[in-house]
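Worksheet for the structure shown next.
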Amino acid sequence: MSKQRHVSETPATQWLRRNGVLFEPHPYDYVDRGGTAESARQLGVSEHIVVKTLVMQDEHNAPLIVLMHGDCSVSTKNLARQIAAKRVEPCTPETAQRHTGYQVGGTSPFGCKRAMPLYVEQTILALPKIYINGGQRGFLVALDPTVLSTSLAAKAVSCAIAAER
C-alpha cells in the first residue's frame, strides 16, 4: 500500500469537483512503463478495475478516447466496426498529449483540453467502483463508473481482448 501524500489539483480533479462527482484520491509511486499492473499492485486492487485511458484516432486522424480494463487490450478492428470507422489506431504520445493536455501515463478522460468522442468497454459500467487516472502520473481516483456515461456521455462498446498472463 502506498502512503498517502498530497496531490495538487489537476484539470481532472477540477472537472470532477465542478461537476459534483464524488471521488477518492489514490496517489501511488509512479513507475515508468509500470502501467495498470503496477498501480493496481501498489493500491492493492485488481488490475481489472483499474481503467486505462487510451487516446486513439480514426482514418481521418480524428482523435477519440477509449476506456479499457487494465488487464485487457482493445480490438481496434471491433472498435472501428462499432463506431463506423474504417480503422482505429493509437495516437503517438505527442499527439495524445496535444489532444488531451495530459502527459502520457497521466491521461484522464476528465478535463481534457479538447472535446473528443469517448468510448467505454461496456463491462466497466457494471463494476461497483473503478480506479482511473486523476490527471497526472502516480495518481488515480476511485469513483462510480456510471459517471462515465452520465457525466461524460461515454458510449458503451464491446472491444476488449483479455490479456494473456
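Some observations on this one:
- For Gly20: the one exception among (1) part of a helix (DSSP H, G or I); (2) within 24 Å of Ala115 (Cβ to Cβ): (1)
- Members of the stretch 137-160 found to be in a strand (DSSP E or B), β-branched (Val, Ile, Thr) and surrounded by fewer than 21 Cβ atoms within 10 Å (Cβ to Cβ), listed by number: Val157
- Positions within the stretch 98-117 being of a type in the set (D, E, K, R) and either under 20 Å from Val21 (Cβ atoms) or in contact with a helix residue (DSSP H, G or I) (Cβ under 7 Å, 6 or more places away or on another chain) (or both), in sequence order: Lys113, Arg114
- Test: Val21 is more than 19 Å from Ala163 (Cα to Cα) and either touching a helix residue (DSSP H, G or I) at 6+ places or on another chain (Cβ under 6 Å) or modelled with pLDDT under 95 (or both): yes
- Filter result for Thr13 (closer than 21 Å to Ser151 by Cβ and either of a type in the set (Ser, Thr, Tyr) or surrounded by 20 or more Cβ atoms within 10 Å (Cβ to Cβ) (or both)): yes
- Residues that are outside any strand (DSSP E or B) and either in contact with a His (Cβ under 8 Å, 6 or more places away or on another chain) or among the acidic types (Asp, Glu) (or both) within the stretch 23-32 comprise Asp29, Asp32, listed in sequence order.
- Restricted to the stretch 33-136, the set of strands (runs of 3 or more DSSP E) holding at least 2 residues that are buried (at least 16 other Cβ atoms within 10 Å of the Cβ) and in contact (Cβ under 8 Å) with a residue 12 or more places away in the chain comprises 50-58, 63-69, 72-74, 118-121, 130-136.
The values are calculated or read from the model by the stated rules, or taken from the named source; none is laboratory data. Quantities reported herein were computed from a predicted structural model and do not represent experimental measurements. Because the Cβ atoms are built from the backbone with ideal geometry, glycine has one as well, and the counts that use them run over all protein chains shown.
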